[in-house]
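First the structure, in the form of structure tokens, and then the observations on it.
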Amino acid sequence: MLNFKHLHYFFAAAKFGGVNRAAERLHLTPQTLSGQISQFEERLGVALFNRDGRRMELTENGKLALSYAEEIFQVSAELEALLSGGPHDLAIPFRVGIADVVPKSIAHQLLVPVLALAEPVRLICHEDRLERLLADLAIHRLDMVLADRPMPPGLDVKGYSHPLGECGVAFFATPDLAARLGEDFPACLDGAPMLVPGEDSALRAPLMRWLERRGLRPHVIAEFDDSALMKAFGQSGSGVFPAPAAMALEIEAHYGVVPLGQTEDMQERFFAISAERRLSHPAVVAVSDAARAGLFRKQ
């Protein structure tokens, strides 16, 4: 079994930048702390630090161990807080991974109902690339992943994709840029400065195919993995940008842009990916219900 005292010593040395600082915080001598960490490394059979005199840098194994140690001590602190708070203050952690290409406004609207459940839930959100989030889902560090595509085939991960909904794609620009481009949509996109999603986005390939089929050749000036950053550039007048049509009113109000037009020929799709085939976690069910009854409600 893992020696948690040794794990704590390693964690302190990694977080405080070395043995001397960690020893001071832990009220130990540097020699004692260093010896305990060495015993921990011997027990694991791997080096956690590269040592160069007084300098200590985490090895790749050390970085991996640190990520798990952070999770272990966070859960430990949560458990202590929950138990000391009494039965009326218990809140179930609900850890959600959000693929970085999913618009923040979409994620927000899907997750807000979780906080209104009768049973208290503590929402914990992590944003990252989809592949890394699915790896965390596989080892149960996440309860659900929000993504703009189903789980990719061929991954050695047990997970199930639950469609949340889909909508068309709208194009937005500042009023000044829209006036220069004219009202003839989609012809107005030809030669227009355009901001596009990065290659990790499920929308990227369909968008480029849609433009090509219509003989439209916009001037792509930038691409973004982060949809919020793309909208910020669009707000400044840098170019036209695509976004889910379901969020059109919010995007107009928040970014001060106007719609050039929209198409249903390509769809933005969103999924909840979970480790269970049938949705049973109350928070996951709340997300699914919110999508169907609100954001992606069929008219």
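Values in this text are rule-based calculations from the coordinates and carry no lab data. Predicted model, so just to flag it, every value in this text is computed and none were measured. Virtual Cβ from ideal backbone geometry, glycine too; neighbours counted across all protein chains shown.
Using a cut-off of 15 Å between beta-carbons, work out the net charge of the residues near Gly35 (Lys and Arg +1, Asp and Glu -1, Gly35 not included). Before the final figure, lay out the partial values.
Numbers: positive: Lys5, Arg43, Arg51; negative: Glu41, Glu42.
Local charge sum for Gly35: +1.
In whole percent, what relative contact order does the stretch 168-269 give with Cα contacts below 8 Å and a gap of six or more residues? Walk me through the numbers before you get to the answer.
Values: 177 pairs, mean separation 50.4, N = 102.
So the answer I get is 49 percent.
Give the percent of DSSP beta bridges with both residues in the chain that are antiparallel, rounded to the nearest 5.
Numbers: 23 of 40 bridges.
Here the antiparallel bridges make up roughly 60 percent for the chain.
Based on DSSP loop calls and a cut-off of at most 16 other Cβ atoms within 10 Å, the longest stretch of the chain free of exposed trypsin sites (Lys or Arg not before Pro) is what?
Numbers: sites that count: Arg54, Arg129, Arg141, Lys158, Arg214, Arg277, Arg278, Arg297, Lys298.
Here the longest run is 55-128.
Within a Cβ distance under 11 Å of Phe224, other residues only, what is the Lys/Arg minus Asp/Glu net charge? Kindly include the intermediate steps, with their values, before the conclusion.
Details: positive: Arg204, Lys231; negative: Asp100, Glu199, Asp200, Glu223, Asp225, Asp226.
Once all neighbours under 11 Å are counted, the net charge is -4.
Over the alpha carbons of the chain, what is the largest minus smallest coordinate on each principal axis, giving the biggest first in Å?
Ordered largest first, the chain gives principal extents of 75, 48, 37 Å.
Choose one of Met208, Gly97, Leu177: the residue whose Cα lies farthest towards the positive end of the charge dipole of the chain (beta-carbon charges +1 Lys, Arg; -1 Asp, Glu; about the Cα centre).
Sorting the options by dipole projection puts first Gly97.
In units of 2.2 N^0.38 Å, what is the alpha-carbon radius of gyration of the stretch 223-299? It would help to have the intermediate numbers written out before the result.
On the way: Rg = 15.5 Å, N = 77, 2.2 N^0.38 = 11.5 Å.
In units of the 2.2 N^0.38 Å rule of thumb, it is 1.36.
Taking Lys5 as the anchor, which lysines have their alpha carbon closer than 29 Å to its alpha carbon, excluding any fewer than eight residues away along the same chain?
Lys15, Lys63
I'd like to know how the stretch 4-82 sits against the 2.2 N^0.38 Å rule of thumb: what's its Cα Rg over that expected value?
Compactness ratio reported: 1.07.
Could you please state, rounded to a whole Å, how far the C-alpha centre of the stretch 26-42 is from the C-alpha centre of the stretch 130-199?
Using only Cα atoms, the two centres lie 48 Å from each other.
Once you place label points 7 Å from the Cα toward the Cβ at Glu212 and Leu26, how far apart are they in nm?
5.7
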